[in-house]
Each structure stands twice: as structure tokens, then as C-alpha cells.
Amino acid sequence: MTTRRELVARLSALVGPENVVYRAEDLIVYEFDGTIEKKLPHAVVFPLGAEQVAAVIRLCNTLGLPVTPRGAGTGLSGGSVPTRRGVVIGTSRMRRILEIDVENRLAVVEPGLPNIQLSEAAAAHGLFYAPDPSSQKACTIGGNVAENAGGPHCLALGVTTNHVLGVEVVTAAGEITWLGGRVPDAFGYDLRGAFIGSEGTLGIATRIVCRLLPLPATVITLLAIFDTVEQASTTVSAIIAAGMVPAAMEMMDRMTLQAAEAGLQCGYPADAGAVLLLELDGIDEVIATQAARARAECFERGASEVRTASTPAERELLWKGRKGAIGSLGRIAPNYYILDGVVPRSRLVEVMGRVSEISERYGLKCANVFHAGDGNLHPLLLFDERVPGATANVLEAGEEMMRACVDAGGSLTGEHGVGFEKQRFMPWLYSETDIENMSRIRRVFGNEGDFNPCKLLPAGTGCGETAHHAAAVRAAGPDAYV
Amino acid sequence: MASDASPWPVPADAPAPDDLSRCVHCGLCVNACPTYAVTGLEAESPRGRIHLARAVDEGRIELTAAVQGHWDLCLQCRACEAVCPSGVPYGRIMEHVRAQVAADPPSGGRARAIRRFVLRNVIARPAVLALAVAPARWYAGSPVRAIVRRLGLAARLGRIGALEAQLPRHPGRPVRPGTRLAKPHTVTGRAVLFTGCVMGELFGGVHRATARVLARGGIAATAAPGQACCGALQAHDGDLAFARVLARRNIDALEGDDTTIVVNSAGCGAAMKEYGDLLKDDEAYAARAVAFATRVRDFAEFAATLPATAARLGARVTYQDPCHLAHAQHIRHEPRALLGRITGCEVVETAGGDMCCGAAGIYSLTQPQMSASLRARKAEQFRQHHPDIVVTANPGCQMQYEAAVREAGIEARVLHLAELIDEAQRNAR
């Protein structure tokens, strides 16, 4: 047992007092991420570099305190919420680009670097970093590694694990080690692969080697407007069946379009039933032919209009709406619960029907955004957490929707991670043996249960209870027992 | 809410719960925030500050000195508002949390009281302000300044020294309500030039340049009498009651027809475009305020609609967006388009050209440390890009860039967009 005062003193000795946050009113802003989970940490620290991260982790292990890593707090599965309190390790003060190696097309960055800043810096050399989550202006590369983040352009280019060559990691045991390196295909067990997407349960990345790609010569973005989600969905399958692999293929339904247009004025048709945002990139002639074919497929399946954006400004406007679509739903309701299911593309229409049936039954407004090319759907359930019972209602509806995805042969998460919110669904897809094997990997990295607890794997007891916020805050005085 | 008949009661208007609940804490704003970029702290981000306001509103935490400190460090630059997909009215929330703080400040009550007194009784009273600013205006253009600088005296004067570095090099004679301005040969239209507070006293040259540029476009601008300070500084400080008083005074003075009101100070323009919101609960003024606001145009916004006049200026120019022009008024394109019309003008964009310079009204006085960090970022960019001219469109920014240019150790001039265009048009005659 230690008092908070002692804890703060010891953390301050390791990282400097200016890098420790501990007052109740300063901690309260670290109780959330982009989801609806909330829990107050005992302290938040901002170490600078692997040595300090390791020292903090070892101290917490000695004190038996849970550790939770945090990037920008934009996550959508509760991954950076300190579910069992303890110490949050923030990476927001490690945000440098250490190196851009143009010849070998790679960059070495610190984990707190916002995703977009890497592509911005690489653009000067005609290069870019491919994974582009919708939150890329805010989310960090370290967080992307933890969640194996995707993004609209991962349809053709792959997700984070395809673009990270190596990571310097401080393990849950507080050891510093390199997984992978500067060249692809390291021999031995692919621990780099195990680490990426481990949702902050194995350790904290302190340096990341990112692969950079040359910027495409030509990009054409199409916005196809449909009356119904069904028409748009069948078009997606048709385009892929025709042998095309668009750089991105995104779908938005009517409610999303209306919110995005109201919030971002991006020129979306607010009266359409659904739109498809299609992006093609590559060499001029090939792209022109593909764009013509894609347009034809859209019209054949009932598109009323297909707009083409060819200048960077027009493209940016179309994407602005898509990338801000989720946040713009704040105009309709104060809270949303975003789901992240994956279904085989062929069953998209059927599962969509189930989703709307479920939301109607629960009396919920539901907006839909999809990475349609991947069969990755994001139903967003809108509610007001201040209404008693509303949160529970939404969680129950969400569970049914996830069940529908799994029943259709899909999975629990496309890109947001399992985090806190879906760990209890893991047994739907994994056997006891599967889960036990995964928890053994945790132990290899030194996680005996206190490193980002209650995330990814079903943790048994002690994690599910909801926070009594007011009581927690009151108990958070400087001398409260930690 | 009753109309504020007396200018003196302190309103306790805390932020509206509906404004606060609009934030879904998606976090897309955090990197747009200058104070988050500098500190890396969630409590110094828009999302964090809103969460604190919500926690105070819900009674989960007390409004302590620490909470106040996080709100006070906000620049109110509204860069977050421009990127917020949910349309959270962050600027309004910050004005209201400051009103809430002002009702019973946990710390710094005396400084706040002095500030409020100055904002009400010096800044908003033209005669007092003229007296107060006169020595600075005399000093700014006098040979004494060169001597002070050569001897390094200013550096020893702390905050006064910091102010010294910010004074414009050529303040020009003041322009006040009623001052006569340049007239066009052939009048094709009319406009009211909003004179403002410090702007009219320390930047009379900018007002005269504005009038000349408009005149060359056929517009006769007058510094209409009776107009007052816009109330932006008071509102940002949480003194909404007095901001409303000033707004009503301006409406009384300038309403009557639909003449465009041209504002060359981004902060004033943003505030005046929002008079409708400020006075929405005032039965006698609500509709009039909305009508007034639709007449307000920023200089760049208005000048871009005028027929192009020949202009030439061989210089490397960087345009730095004033926050309340880019973020609050969404005007980014027009100033650059106007620069694009000048023959020989090479425009260079710097990294963070639309990030706050740290001037932010009276922020450089209330938060000198953070203000200096942000200024240093600008200075670093100026060192890298070596512009001949730094151009912006707001008096506070202009003053901060004077200091930043000095800090960068480069020989650049700092001009208001209107001054630059005026000079280029004269060159081409």
C-alpha cells in the first residue's frame, strides 16, 4: 500500500515533477477516450524516451499498480481508459520524427506523433504513410500500432501491420527490446506481428519504424449517389467482382450524410439514401479506364448521379465529410456508441437489415458509415447518457448487432480493437484454448494481468463494474490510498 | 434573461449544458489547439476544457484555481471550432466559463478586477484611451526608441519591455469616429469603416490605407460617428454584460440603412458578426443585432469583391492567418487571392501559418510565458523562410509579429494586408 503522495513523489523522481499529473481536477480529463467508458486514474505520467517508460513501468510493477498506455485518447474501444485505475502513461510528449530515410523509404518516429504529421513531413519527399484512420489529424502512430489501425485507404494498401517494419518496445515487465527492425522479413518468431494490434497489453512502443510509399501519380475520387443502401452495397460487390481494387470504397447512409453536410458543408446530397465514396489511384491511363468502368457499374445499379473530384481541393472536400462524419453526429445527439463489425461483403445487405431492425426495436436512432470494400460496418447508435437507462439500452442493442455480425460469419472488430467493451464477446469466436494461448503471450511479455487490465481478453471478475464517478472523485484527495 | 439595463451587474451566465453536451470527446480538435501542441496536456486542450466545464456543471468537481488556470490558458483562438465535426460552439463556451469564473474567482481576483476596470473604463472610453495611448504612439515613431533599443534598455523593463517590442514602427495619426478619410474620384458605393479601440489610436495608418484601397475600388468609406469599441475583449474576458452594452451602442450608432460595415481587425469583425448571438435574449435588440451582423464584412472579404486595381510589389511575403479571421470567420482564401493579384509578390506559406501567434487580445499580458512560446514558433519559421514582409489582418497579431521578427533577427517589415495592398497599388500608378 502506498499513498498517492508517495506515488507522486516517486514518479516525479523518475520523470520530473512537470511530467506528472495528479490533482483530481487534472486527472478527470484522463477518464475517457473516444468511447463511453470512463474511469479515473490515480496519476498520469509523460515519460520522455524508453528509459523513463521502463522506469515507470517497473515502479508500478513493484507497487502492484495497474498501468494503462494512452496516445491521443481518440480510441473507439476504451483501450486507453484506466479500467482498474492506477497509472496512465501518456505519450503526448514523445512526438518527434527522428528520421526520414528517403532512399530506403522509411521513417523513425516517436509514439506520440500525430498520424497526419508523418504524411505531411514525408510529402516534401514525394512519400506518404498509408494507414489513414479517420481520426488521423489527432490519433498517434503509437496508438495506431496498438490497435493495428486501418482507415479508408487500407482496402488496397493494408493496415498498420503492413506498414510498420519494427518497433522499440518497453515490455509490460519494463524491459526495452526491439521487435522487427529497419528491413522487412526479420527471421525468427514474428513478435513484431504479435505486438502490433495487441491493444497496449504487451508493452509500449517508444520508437516506430514506418514504411513510406511514393505518392500516387493520379488520384480520381468519385461520389456515387444512390436511393438506397442496398443499391450502394451491391455496387461495391460488383466493382470488386469486376476485378478492380479501388484505393478506398466508403459508404455513408442518409443520417450520416445529413449530419456531415450540416457540420462540414462538404457538398453531400442530404436527400440521398446512401453514397459511395470511391477512390482510384495509380497511372493516368489505367485510372481513367477504371474510373469509367466504376461509373458504369454505379449507374447500372441505380446511381442517380456520379460526381468526379479531380482537383486536390475537391477531393479534400469529399474526404473532409467522410473523416468528420462520426464526430458530426454530435449535432443529432450528445452521445454515440460506435460499433465496428466485419461481415463477408456478400452478406452486407442482409446484416444491414438486421442492424436496422435491432435499432428500431430498441427505439434508437442509428447512423451508418462503412468501409464497404472490406465489409467493415460502423453502426452508430445515438443517445443521451444523461437519460437514465439510455447507456444500458444502447449497450444491449450493440451486443445484438455484434452477434448478428458474428452469426453472418463475420468478426468483432475491423479496426477499432476489442478493448474493454468487447472483451466479453471474445468467447463467441475463440475457444478456451485459443484464449489461453493468447494470454500466455501476454505473460511472455511480462503482463501478469495489471498491464492495461481488462482489455482484449476476457478478464474474469473485477473489471466489469461501472464507475461511481462522484465517489471516485471524492476519494481522489492527495492522501487517498491508491 | 433580463436585458442588462445597468452596465455593472456581473452575469453568472455559466455555459449552457446543451453547448457542453455537443462535445462527443472524439478528440479531433486536440492537435489544432496551440496550448495542447505546446504542453501535450489534455487539460490544456479544447476537449479537456469542455470536460472540466461539464464536470463543474454536474457538480463532480469544484471550480478550483487549477480549473480556472486551464481555462485561463485558453487563447480563445477557436482553431478547435474550425475542425470540430460536431459544431461545438467552443468560443461561446469559453466566454461563458470566464463569466462563471468572474462571478467568484478562485484565484487572481484582484488582477481580474483591475483588468475588468481597464477594459471597461480605458479601452472602451475613447477619450481616456486616447490619453493613455498617446505617449506610446509618440514613443513608437520617435528617435528615442532607436536609442532605447541600441542601449538594450527595453530588455530590462520586464512586461513594459515586452510591450515595447510590440509597438508598430509607424503608428500614423489616429483615426477616430468622425475623422475624414480618402474619397474616390467616382463613387460607386459606400461603406462604414469600423474604427475600433486600440486600432484607431495605434494603427491610424492601417485605417487610412484601408480607406485608400476602398476608394480606388470606388467605395467611399466613412468613419461614422457614434461607434464604440466592439466588445470582443470584454466578452473574451467573460464580461458579457458590458460586451452587450457596447454591442447595443454600435447598433444604435450604425443602424438605419444596409451600408456594409468594413472591419479591418479580425477580432472585432468576428465579434460583430456574432452580435445576434450575444443579444439573443434582449427583446429590444435581438432582431436588430441579427440584421446588424449581416452587414459586417472583413476588409479582405469586401476588397476581394471590388474590381481589381493595378498593383506591384517585388517582395517575398508571408501571410499569417489571424485566428479570428481564419477560424471564427472562415476567411482564408480572400487574403491570399488579394496577394495573388499583386505583380511581383512572392507568397510563401510557413508551417503553422494559421496557428495562433500568442497575441490573442490581451493574452500576451495575462499569459506571457505561453504567449512567448507561440511567438517563438513563429520566429523560428521566419528565420527559416526569410520573408521581406510579414502580413496579417489584426492589430494584436501585428504587434506580436513585430516582436517575433525582432526575435528572429531578420529585417522584415510587418504590415496589415490593407497597408501592403495600398503600397502595391501606389507603386503601380
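The values are calculated or read from the model by the stated rules, or taken from the named source; none is laboratory data. Not measured: the values here are computed from a predicted model. Counting neighbours? That spans all protein chains shown, and the Cβs are built from the backbone with ideal geometry, glycine included.
Things to note:
- Subset tally (residues that are without any contact (Cβ under 8 Å) to a residue 12 or more places away in the chain and closer than 17 Å to B:HIS333 by Cα) for region B:273-316: 1
- Within the set B:ARG212, B:ARG208, B:ARG190, the sole residue that is over 15 Å from the mean Cα position of the chain (by Cα) and part of a strand (DSSP E or B) turns out to be B:ARG190.
- In the set (1) free of Cβ contacts under 8 Å to residues at least 24 places away in the same chain; (2) β-branched (Val, Ile, Thr); (3) over 25 Å from B:LEU415 (Cα atoms), B:ILE160 fails one condition alone, (3).
Yes or no, residue by residue, for (1) at pLDDT below 95; (2) under 23 Å from B:GLN425 (Cα atoms):
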position	(1), (2)
B:ALA243	no, no
B:ASP258	yes, no
B:ASP321	no, yes
B:ALA328	no, no
B:ARG332	no, yes
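- One residue stands out in region A:319-330 among those that are closer than 15 Å to B:ALA82 by Cβ and at the interface with another protein chain (Cβ under 7 Å from one of its Cβ atoms): the one that is surrounded by the most Cβ atoms within 10 Å (Cβ to Cβ), namely A:GLY327.
- Pick from region A:336-371, criterion under 21 Å from the mean Cα position of the chain (by Cα) and small (Gly, Ala, Ser), ranking: nearest to the other protein chains (Cβ to nearest Cβ): A:ALA367
- Contacts under 8 angstrom Cβ, first residue in region B:212-225 being at positive phi, partner among the basic types (Lys, Arg) and modelled with pLDDT of 95 or more, 6 or more apart: none
- Boolean, A:VAL183 is part of a loop (DSSP other than H, G, I, E, B) and either in contact with an Asp or Glu (Cβ under 9 Å, 6 or more places away or on another chain) or at pLDDT below 95 (or both): yes
- Test result for B:ARG49, outside any loop (DSSP other than H, G, I, E, B), touching a Cys at 6+ places or on another chain (Cβ under 9 Å) and surrounded by fewer than 22 Cβ atoms within 10 Å (Cβ to Cβ): no
- The criterion of at least 3 residues that are within 14 Å of chain B (Cβ to nearest Cβ) and under 23 Å from B:LEU63 (Cα atoms) is met by the following helices (runs of 4 or more DSSP H) wholly inside region A:1-83: A:24-27.
- Strands (runs of 3 or more DSSP E) enclosed by region A:85-126 - at least 1 residues per element that are among the aliphatic types (A, V, I, L, M), touching a Leu at 6+ places or on another chain (Cβ under 9 Å) and buried (at least 24 other Cβ atoms within 10 Å of the Cβ): A:87-90, A:106-109
- Of all the criteria given as (1) farther than 25 Å from B:GLU274 by Cα; (2) at the interface with chain A (Cβ under 9 Å from one of its Cβ atoms); (3) of a type outside the set (S, T, N, Q), the one not satisfied by B:VAL83 is (1).
- Taken over region A:288-318, the residue count meeting the criterion of being crowded, with 20+ Cβ neighbours inside 10 Å and either assigned by TED's automatic domain parsing to the domain that holds A:ALA367 or within 30 Å of A:GLY78 (Cα to Cα) (or both) is 1.
- Residue check, A:ALA333 closer than 30 Å to B:LEU20 by Cβ, within 14 Å of chain B (Cβ to nearest Cβ), without any contact (Cβ under 8 Å) to a residue 60 or more places away in the chain and among the hydrophobic types (A, V, I, L, M, F, W, C): yes
- Candidates are the residues of region A:95-129 that are within 14 Å of chain B (Cβ to nearest Cβ) and in contact with a helix residue (DSSP H, G or I) (Cβ under 7 Å, 6 or more places away or on another chain); the one that is nearest to B:CYS29 (Cα to Cα) is A:PRO114.
- Residues that are among the hydroxyl-bearing types (Ser, Thr, Tyr) and in contact with a helix residue (DSSP H, G or I) (Cβ under 8 Å, 6 or more places away or on another chain) within region B:180-208 comprise just one, B:THR195.
- Among (1) in contact (Cβ under 8 Å) with a residue 40 or more places away in the chain; (2) more than 8 Å from chain A (Cβ to nearest Cβ); (3) of a type in the set (Val, Ile, Thr), the one test that B:THR39 misses: (1)
- Residue in region A:205-215 that is in contact with a His (Cβ under 6 Å, 6 or more places away or on another chain) and of a type in the set (D, E, K, R) present: yes
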